[in-house]
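All remarks here apply to the structure that follows.
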Amino acid sequence: MRIYQYTHPQQIESTDQHAVIDESGEVVCYVQRQYSNGLKKFVDRVFEYRYFVQYDVKNNDDNKIFSCKKIVRKGRMWFEGMDFITNKKVIITYENWRLSIPTLTILEGNHKIRIDKEMEEWSQFVYEERVIAKWKADFIDEQFQMTLQIEEESPIQNVAFFIAISQAALFVGA
């Protein structure tokens, strides 16, 4: 199992860059909330910073490697992820959206991954009924301490994939 950690301030609107650190203490990438322009950032404030959601993950050379953003159109909502290394698009949709905590489904190539979202415990990424990764946010000392665990047998080992989706869909969410 590979373990990654990073912190995020209490303010979800923060656009500061946050280092993601592996278990050996090395910075493996950076995560940052993005706005394409100032008007979107201003309008987002009205919607409590949950309407224009986009998180980018960059490598140590400051190149974008994965991005996840919320899409709202015609009364529907979903997330789109983009892997800039493979040029593959990922769709994250809600199933059972009428429930209080709906199930998120990631469609990535021929992989269908379910996210069992938990508000205060581990949110689990499940593929073929096996947990392949877990993500959790703990509120400690006026900031969030995020932890990501990726299992060895996960078909996706890209830390940026899990970090961007977790930040957009689990941390900020609907």
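The values are calculated or read from the model by the stated rules, or taken from the named source; none is laboratory data. Since the structure is predicted, the reported quantities are computational estimates derived from the model, not experimental observations. Glycine gets a Cβ as well: all are built from the backbone with ideal geometry, and neighbour counts include every protein chain shown. Ligands, DNA and RNA are excluded from the accessible area calculation, which covers all protein heavy atoms including side chains. Shrake-Rupley method; radii C 1.70, N 1.55, O 1.52, S 1.80 Å.
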Return only the number of the condition from (1) charged (D, E, K, R); (2) closer than 26 Å to Q10 by Cβ; (3) surrounded by fewer than 21 Cβ atoms within 10 Å (Cβ to Cβ) that E151 does not satisfy. (2)
Could you look through the stretch 103-136, keep only residues that are open to solvent by 30 Å² or more (accessible area, probe 1.4 Å) and among the aliphatic types (A, V, I, L, M), and pick out the one that is farthest from A168 (Cα to Cα)? V131
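Against the condition touching a Leu at 6+ places or on another chain (Cβ under 6 Å), surrounded by 13 or more Cβ atoms within 10 Å (Cβ to Cβ) and in a strand (DSSP E or B), how does Y4 come out, does it pass?
yes
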Out of the stretch 17-33, which residues are in contact with a Lys or Arg (Cβ under 8 Å, 6 or more places away or on another chain) and either open to solvent by 40 Å² or more (accessible area, probe 1.4 Å) or more than 17 Å from S67 (Cα to Cα) (or both)? Q17, D22, E23, Y30
If I ask for residues that are open to solvent by less than 40 Å² (accessible area, probe 1.4 Å), within 10 Å of the chain's Cα centre (by Cα) and either over 20 Å from L148 (Cβ atoms) or not hydrophobic (A, V, I, L, M, F, W, C) (or both), which ones from the stretch 34-68 would you list? Y55, D56, S67
Kindly evaluate K89 against the criterion of being within 30 Å of E152 (Cα to Cα), open to solvent by less than 90 Å² (accessible area, probe 1.4 Å) and among the basic types (K, R). no
Failed criterion for M77 (all others in (1) touching a Pro at 6+ places or on another chain (Cβ under 8 Å); (2) under 17 Å from V172 (Cβ atoms) hold): (1)
